[in-house]
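The values are calculated or read from the model by the stated rules, or taken from the named source; none is laboratory data. Please read all numbers here as calculations on a predicted model, not as lab measurements. Cβ coordinates were reconstructed from backbone atoms using ideal geometry, including for glycine residues, and neighbour counts include every protein chain displayed.
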Amino acid sequence: MKARPRRRRHFSLLTWLFVFRKSFAFWLFLAFLYVMNSSFSTELLSYSRKGANLEDPLLQNLSVLWLGPFKAGSGYGQESLNLLLSIADKLPLLKAAYFGDKVYSRTLDAFSKRVLDFFESLEPTCEELPSYYCDKSDIIDINCPCNRTAKGKLFDIVVIHSVPEGWVRKMLDVGAYKVGRTVFESDSVPKSWIEPVNKFVDELWVPSQFNVQGFQSSGVKKPVIAIPQCVEFPNWNIASLRRSIKYRYGCHKNDFIFLSVFAWNERKGLKYLLEAYGSEFSSEDDVCLLLLTRSYSGASKLPELNQTVANMLRKYRRLDIPSFQLVSQISDEELPKVYAASNSFVLATRGEGWARPIMEAIFYELPVIATNWSGHTEYFGEDTGFPVRVERLEKYSGKEAEMKPYVGLHLAVPSISDLRLKMRQVMLDTDTVRSRVQKAKRMIMTRYNPETIGDQILSHFIRIKKSLLSGSVQKDH
């Protein structure tokens, strides 16, 4: 009699888990499943300070004066504030004096009490500033009389964080070692910036390798060091935030919303974005372009700006232009809701220093479409977003007042056809979108958090202090 074949047993996943529940491999397997299936919105991200020896007595005795526009709402202001917050708790002798444009009360009102108390805690005492600072009250915001007899190097290091054209050499003389911090959005920099960098500071800090190459190729002889921007994001569950959104900022409920956040100037490439959007979509498509813009004329100009956008879209579709909404003057509290209400972020930029809105969009788990050129490529590429091919670089020759520093310098021209392709792709290719969004968020949360960037700054401060103590600092200014 022919032997009956043995029946193959099929075990369910639960059966296997029960059988091997006491083995080490079992728990390792469970941990793997948990990590792979956890939402990025609920990840517990812990950071350790590994870059600098935080017990180093050099940090405890290091005196630093940071001059920057940290009370302003500008890009420089946000960057300056975030960098200060990343190092303040490790530098007991850190002082900061506001340096820059006039501070408006509405800007200060937007800060939390925690931040305002932080500003106050860093203010130099009257004995710590020489008389020259009192004589420059138009650009330095101080609340006490200066020391008319103070002379010499009052601080180990002075950091000046602003556009080099505005640096004042005499203000830097309070530091034994001088560091400049700035940023630019082209692959070279204005000629008027080169002399202050070469003559006033010992080294220059910029946010990206793109800027390192740009400043060096333009004639900067001092060391140029890349220290990225950092952003302190709230510990939010993005999926829950998105589910709570009811208002769509004028877009329809079923619309796929492309969000663009930008200042109203030629560098942001609005005309290229509108050409791609108007050519690719029509009023028959369930799409909406949500334009969040900061114009210097304020909300009173919104009707005029709306008409400008509509007219630009009609160049590509006379009648059935796709839906768009223009929003301005959004508060800091409202901004997360704008990101959460959107489905993708798009910026047809012609050049960026760092592009904070791109990093914000990544945090809020939006697929990002942006021109593949300039400072944001430090963290943005094929594996973390949807980069748009550059058609060509061209020297800017426009007459817009705000764009004067860029005259004669390169700005990118993004490919309209590739921009159209990427906008369609993020709507349809959900698997690729999910993969790149997750990878991008993991990357910015681990590389550009305050602890990681703060460690980089502290490491450079220790290096500088050791050079000062050894007498190895070479001065040629």
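Is it the case that V346 is in contact with a Ser or Thr (Cβ under 9 Å, 6 or more places away or on another chain) and among the hydrophobic types (A, V, I, L, M, F, W, C)? Yes; evaluated as a whole, the condition is true for this residue.
Selection of first residues in segment 308-326 that are assigned to a helix (DSSP H, G or I) and of second residues that are surrounded by fewer than 18 Cβ atoms within 10 Å (Cβ to Cβ), restricted to Cβ pairs under 8 Å at least 6 apart or on distinct chains, gives the following pairs, ordered by first then second residue: M312/K271. Here the helices (runs of 4 or more DSSP H) wholly within segment 93-153 that include at least 2 residues being at pLDDT 65 or above, loosely packed, with under 13 Cβ neighbours inside 10 Å and of a type in the set (D, E) are 113-122. Checking the structure you have, find out if any residue of segment 281-298 is crowded, with 18+ Cβ neighbours inside 10 Å, part of a helix (DSSP H, G or I) and in contact (Cβ under 8 Å) with a residue 24 or more places away in the chain. The answer is no, given that none of the residues of segment 281-298 is crowded, with 18+ Cβ neighbours inside 10 Å, part of a helix (DSSP H, G or I) and in contact (Cβ under 8 Å) with a residue 24 or more places away in the chain.
Please verify whether L335 is surrounded by 17 or more Cβ atoms within 10 Å (Cβ to Cβ), closer than 15 Å to L290 by Cα and not β-branched (V, I, T), treating the condition exactly as stated. No: the conditions fail for L335.
Among the residues of segment 434-477, those that are touching a residue at least 40 places away in the same chain (Cβ under 8 Å) and either among the aromatic types (F, W, Y) or not in a helix (DSSP H, G or I) (or both) comprise Y448, N449, F461, V473, K475, H477.
Restricted to segment 286-306, and to residues there that are modelled with pLDDT of 85 or more and under 21 Å from the mean Cα position of the chain (by Cα), the residue that is farthest from F324 (Cα to Cα) is T293. Is it true that D202 is surrounded by 19 or more Cβ atoms within 10 Å (Cβ to Cβ) and within 18 Å of Y406 (Cβ to Cβ)? Against the criterion (surrounded by 19 or more Cβ atoms within 10 Å (Cβ to Cβ) and within 18 Å of Y406 (Cβ to Cβ)), D202 does not qualify.
Tell me which residues, restricted to segment 225-251, are of a type outside the set (A, V, I, L, M) and at pLDDT 95 or above. Result: P228, Q229, C251.
Anything in segment 437-454 that is in contact with a Ser or Thr (Cβ under 6 Å, 6 or more places away or on another chain) and either under 29 Å from L274 (Cα atoms) or hydroxyl-bearing (S, T, Y) (or both)? List them, or say none. Those that are in contact with a Ser or Thr (Cβ under 6 Å, 6 or more places away or on another chain) and either under 29 Å from L274 (Cα atoms) or hydroxyl-bearing (S, T, Y) (or both): K439, A440. Checking the structure you have, find out if any residue of segment 437-457 is aliphatic (A, V, I, L, M), touching a strand residue (DSSP E or B) at 6+ places or on another chain (Cβ under 9 Å) and outside the structural domain of T349 (by TED's automatic domain parsing). Yes. For first residues located in segment 238-259 and closer than 15 Å to L291 by Cβ, partners that are outside any helix (DSSP H, G or I) and among the charged types (D, E, K, R) and lie 6+ apart or on another chain with Cβ distances below 6 Å form the pairs D255/D286. The single condition among (1) within 24 Å of T349 (Cβ to Cβ); (2) over 23 Å from the mean Cα position of the chain (by Cα); (3) surrounded by fewer than 19 Cβ atoms within 10 Å (Cβ to Cβ) that D255 does not satisfy is (3). Scan segment 405-414 and tell me whether some residue there is in the same structural domain as V338 (by TED's automatic domain parsing) and either farther than 16 Å from E352 by Cα or without any contact (Cβ under 8 Å) to a residue 40 or more places away in the chain (or both). There is at least one residue in segment 405-414 that is in the same structural domain as V338 (by TED's automatic domain parsing) and either farther than 16 Å from E352 by Cα or without any contact (Cβ under 8 Å) to a residue 40 or more places away in the chain (or both). Determine if segment 382-392 includes at least one residue that is under 30 Å from N235 (Cα atoms), surrounded by 14 or more Cβ atoms within 10 Å (Cβ to Cβ) and of a type in the set (S, T, N, Q). The answer is yes, given that some residue of segment 382-392 is under 30 Å from N235 (Cα atoms), surrounded by 14 or more Cβ atoms within 10 Å (Cβ to Cβ) and of a type in the set (S, T, N, Q). The single residue among K199, K222, K178 that is of a type in the set (D, E, K, R), modelled with pLDDT of 95 or more and assigned to a strand (DSSP E or B) turns out to be K178.
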